[in-house]
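Participant: Before we start, here is the structure in question, set down as structure tokens.
The numbers here are math on the coordinates, done by the rules we state, and not lab data. As the structure is a computational prediction, the values presented were derived from the model and not from experiment. Every residue, glycine among them, receives a Cβ derived from its backbone with ideal geometry; neighbour counts consider all protein chains shown.
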Amino acid sequence: MSTTPAMVDSTAAPNPPVLPLSLDSLVFALSQIISLRDYRPPSVTRLSPTHQKSSTERHLRLLNLLSLLLVTGEKGDVAAVALRLRGDSAELYYAKNRPCTKNENDYIKRIFGYVTKCPTSPSEADCVTMSHAILREAIPACRIKLNSRITRLVKRLGELGDNFGICYSAADDSTDTVHYIRKNLTSKVFKPEASLSDFLQAWFKSVQTRAWESLPTGSVYQLIWIAYYVGTSPDIRTILDNALVIRLLKLGDYFAVPIVVQAAMSLLTTTKREDLSVQEIVPELQRHVPVPSNFLATVNSWAIHNSKYPTTAHELTAAFPQHAKLPEVDDPPALRIRTSVHCECTLVMALVAAAPSAKHEIGVSKSLCWMCREFILIIQRMHPLLQIHTSSCHGKLVAGWRIPEGIPREVVREIMKQVHDEVDEVLDRAARNRKSDSIPRATGSEDSEEKKDPAVWEPMFNDMIEDAGWEME
Ligand SMILES: [Zn+2]
């Protein structure tokens, strides 16, 4: 393997190296320097299907859960869905970060086949039949993500020790929590003679000791069923550890899907439901691109280009103690990372092209990354009547985020500016840890004012736009 980064210009000044500052390189560097902002996503709130919240919240809850059913691929698979209602017709769009395989598309068609056959006023027996049909397909299909959620639950149980942090006295055994769990789990699972504490202890123990990866669909079905009713029981957060409750709810989401789908489909007219069109918005193909693995060098290249003071590993660590470890060799080889247009951006582009002045709701199987949130905000600013409602944002940059092709040039510029502002923020924060008497002189600082003029940045923007795959007008 070559020891020279594929993207390094060998004629460039060696210290710090002047690297081509592609969007991929800058986003990769920023993704390694986590916790850039003090932004924290809103606290996790779970809506029981029966809770009456605003219609947008309920729709997003539905769409988020539907998108979960589509996560059938390898670790890191993610999906987004949007429902568009027009007159008498309803269209459901879905996308992943990569084109779906034929098997995935067939599975998704089968799942929505059950949905469209749901009666307008389903009996309890209809609901049970449909839930079983969906989960019988979904549990094996979604097993990779399910196993990952089970692993997290088991890990948390292990961290809590022998009594699993249960804070409950048998003397309190007539609370709403107990009534709710008993009513929904039946006396076969939650035996009448057992206290809530006994039941939880025994169940957690069995969850901890079973070999989940090889257990059949029926065992996983029972697990998500119990997890759902324990996790959604009233006041459960006063009895169990909060992180444990969140893990129960994440598993219980799979049990909630058919319930929520039925509630939502009963709101559609029979015509709309029967004619529901389910369509994949095929994303651009993923690409593998080289990026410099030394993100400090990337940040300093940006600093040199913009007449800012370069930073050091020491300053960066002081400013961002959680950032990823820098490579230990001076001249590490370039990494090849996979870039993709994130599924929510693919859906946004399709929906905006179809209806740029409408309200759109997009459900995603996980929280949005920082770049997707910024992208959606920029698109909304360009279309004053457009409203896009979607999941909360986890606030981090993700390596491999790519700008969709065919978007207006001003959107590309705005995205670039957001990324550049973040790199500047990194340098500014690192500089606050620098002693005034140890400031090194930046190369080319004499023309710093000129370089700060956006007009002089223009060629660099254009380079980056080309690097991002945007065809110049
Ligand atoms: Zn994203």
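Participant: Convex hull over the alpha-carbon atoms of the range 266-367: what's its volume per residue in Å³? Intermediate values should be presented prior to the final figure.
Facilitator: On the way: hull volume 21.1 nm³, N = 102.
That works out to 207 Å³ per residue.
Participant: From the convex hull of the Cα coordinates of the range 64-188, what is the mean projected area in square nanometres? Intermediate results must be reported in sequence, preceding the final value.
Facilitator: Details: hull surface 46.9 nm².
The directionally averaged projection comes out at 11.7 nm².
Participant: To the nearest 20 Debye, how big is the dipole of the range 366-422 about its Cα centre, given +1 on the beta carbon of each Lys and Arg and -1 on that of each Asp and Glu? Present the calculation step by step, with values, prior to reporting the outcome.
Facilitator: Numbers: 8 positive and 6 negative charges, 23 e Å.
The calculation lands at about 120 debye.
Participant: Then there's this: Compute the Kirkwood hydrodynamic radius of the range 260-314, taking the inverse of the mean of 1/r over all pairs of distinct Cα atoms, and give it in Å to one decimal.
Facilitator: Details: mean 1/r = 0.0593 Å⁻¹.
Mean inverse Cα-Cα distance, inverted, gives 16.9 Å.
Participant: Sorted from fewest to most neighbouring beta carbons within 10 Å, what does the list L377, L326, L268 look like? Intermediate results must be reported in sequence, preceding the final value.
Facilitator: Values: L377 12, L326 16, L268 19.
The order, fewest Cβ neighbours first, is L377, L326, L268.
Participant: Straight-line reach only, C-alpha to C-alpha below 27 angstrom: list the lysines that K366 could link to, leaving out same-chain residues fewer than 8 apart.
Facilitator: K53, K75, K96, K102, K109, K145, K155, K250, K325, K396, K417
Participant: Please give the Cα centre distance for the range 245-300 versus the range 363-406, rounded to the nearest Å.
Facilitator: 13 Å
Participant: The range 203-225 to the range 146-178: how many Å between their Cα centroids?
Facilitator: Between the Cα centre of the range 203-225 and that of the range 146-178, the gap is 15 Å.
Participant: Which one of P99, I111, V81 has its Cα pushed farthest toward the positive end of the charge dipole of the range 73-130, where Lys and Arg give +1 and Asp and Glu give -1 at the Cβ?
Facilitator: P99
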